[in-house]
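Working notes, structure below.
The values are calculated or read from the model by the stated rules, or taken from the named source; none is laboratory data. Keep in mind that what you see is a predicted model, and the values were worked out from it rather than measured. When we count neighbours, we look across all protein chains shown, and the Cβ atoms used for this are built from the backbone with ideal geometry, even at glycine. Just so you know, the surface numbers come from the protein's heavy atoms only, side chains and all, with ligands and any DNA or RNA stripped out. Shrake-Rupley method; radii C 1.70, N 1.55, O 1.52, S 1.80 Å.
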Amino acid sequence: GLSYLPWLRPGFFLDIPHPDRKLLLKLRSDSNVKFRNIILLLICSAVIVSCARNKGPERFYFGNYSEAEKHFNKGEYKDAIVKYQAYLDENPEGNLAVISQYYIGKSHAALGNNDEAKAIYRQVINAHPDLVWAKFAQTQLQELEKK
């Protein structure tokens, strides 16, 4: 339960060697327990309110990658390409690098730049054959080759 808050554990104050045992026993009184519960309730309320304020897409912000996603979702593919590329330039080995590369390809395809899109999809497939993004890229590449 409350092992990370030892002073809230019943009997905590009795474990401390102290010359005034009556004072320690008073700390365990009912009024102190009520006070302790009120403080605990206030702390929990503050944590819940703090968490509630941090909801929404703004709580996860990854710089240029997040900006690129916003552009992509609005259909602003040229701006998305610029931001995805900026992310790749800053984080060539980052967790979102392969995803950025894939979405650069999707952005090119959306703009009708099929040759660029195909080249990027092939890069994703060759560089990351074991990742799901390579499978997505393969599917996109097959669709473009049908055209």
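What distance in nm separates the two pseudo spin-label positions at L144 and Q85, each 7 Å out from Cα along the beta-carbon direction?
With each label placed 7 Å out from Cα toward Cβ, I get 1.5 nm.
Full extension from N126 to K70: what is 0.36 nm times the residue separation minus their Cα-Cα distance, to one decimal in nm?
Separation in residues times 0.36 nm, less the Cα-Cα distance, equals 17.4 nm.
How large is the charge dipole for segment 73-147, taken about the Cα centre, if only the Cβ atoms of Lys, Arg (+1) and Asp, Glu (-1) carry charge, to the nearest 20 debye?
Dipole about the Cα centre, nearest 20: 300 debye.
Near Y65, within a Cβ-to-Cβ distance under 11 Å, what is the net charge of the other residues, with Lys and Arg +1 and Asp and Glu -1?
Cβ neighbours under 11 Å give a net charge of -1.
When the Karplus curve 6.51 cos²θ - 1.76 cosθ + 1.60 is applied with θ = phi - 60°, which whole-Hz ³J(HN,Hα) does each residue of segment 80-89 get, with x for Gly and Pro?
Each residue of segment 80-89 in turn: 4, 4, 4, 6, 4, 5, 4, 4, 4, 5 Hz.
So with the 1.4 Å probe, I'd like the accessible area per residue for segment 75-114, rounded to whole Å².
In whole numbers, segment 75-114 has 51 Å² accessible per residue.
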